[in-house]
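Just below is one structure, and these are the notes that go with it.
Coordinate-derived values only; no laboratory data. Computed from a predicted structure; not experimentally measured. Glycine gets a Cβ as well: all are built from the backbone with ideal geometry, and neighbour counts include every protein chain shown.
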Amino acid sequence: MSKWTVKFVLPTIEGTPIDSLNRRAAAVGTPGYADQTHHANYNGHHVTLYWNDYRGYYVADYTWNGRNVIARGTFKQCLDACVSYYAKGHIGSCVWITPRVDDPKVSDDTEALELIAANPQIITKEEDEAKESHLTWQHTCAIESVKDYCFPNQIALRFDWELMQTMDDRESYLDALKEKYGNAYY
């Protein structure tokens, strides 16, 4: 992996609290469930595009139930593969792009910067970090309600989507869960 920092991104595709619940369940469930949800539309992946110093080419890959390489070769080939993957619109998909512009061994990688500039979807990492997160208290509660397969005895928040939709904030949701079930956690 390149030692230089991420410069550009295709921002995370936003989803609903139910999508957050499904994504978390796929991530912390059994390996079999992770494999079955590999191509689920709510399970977009965090793709990275970077220069492989050892092999001498760009790589676009993500990790899900193992390493998955979607392209190797020129920056253009890898960027095209990333944009194609991102265009599928899977919830949670994002792409982090690290061109070699800071590499002291490379005098010029203007092709990469020109290709990035030609794609209006690609923004800088700083622009992405400055954006307000789409995650709400409902997303957080949905994520907290999934039990981790590695810790089967852990306490998890109850999930009641109908009840959650009628509440204005986390505190009132927790109070409503206690009233309905006797406890907000199980």
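How tilted is helix 17-28 with respect to the longest principal axis of the chain? Cα atoms for both, answer in degrees (0 to 90, nearest 10). Result, in degrees: 70.
Estimate the FRET efficiency between residue 28 and residue 136 by the formula 1/(1 + (r/R0)^6), using the beta-carbon distance for r and 30 Å for R0, to the nearest 0.05.
In this case the efficiency is close to 0.90.
Rounded to the nearest 10 degrees, the angle from helix 75-87 to the longest Cα principal axis of the chain is 20 degrees. A crude spin-label estimate for the pair residue 153 and residue 67, with each label 7 Å from Cα along the Cβ direction, gives 3.7 nm. Here the peptides 5-15, 167-177 are ranked by packing, the mean other Cβ count within 10 Å, and the order with the highest first is 5-15, 167-177. Computing percent of Cα pairs over 30 Å apart for the structure here picks out one of [x] 33; [y] 42; [z] 29, namely [x]. Angle of helix 170-181 to the longest C-alpha principal axis of the chain, folded into 0 to 90 degrees and rounded to 10: 40°.
Rounded to the nearest 20 debye, what is the charge dipole size of segment 137-181 about its Cα centre when +1 sits on each Lys and Arg Cβ and -1 on each Asp and Glu Cβ?
The dipole magnitude comes to about 220 debye.
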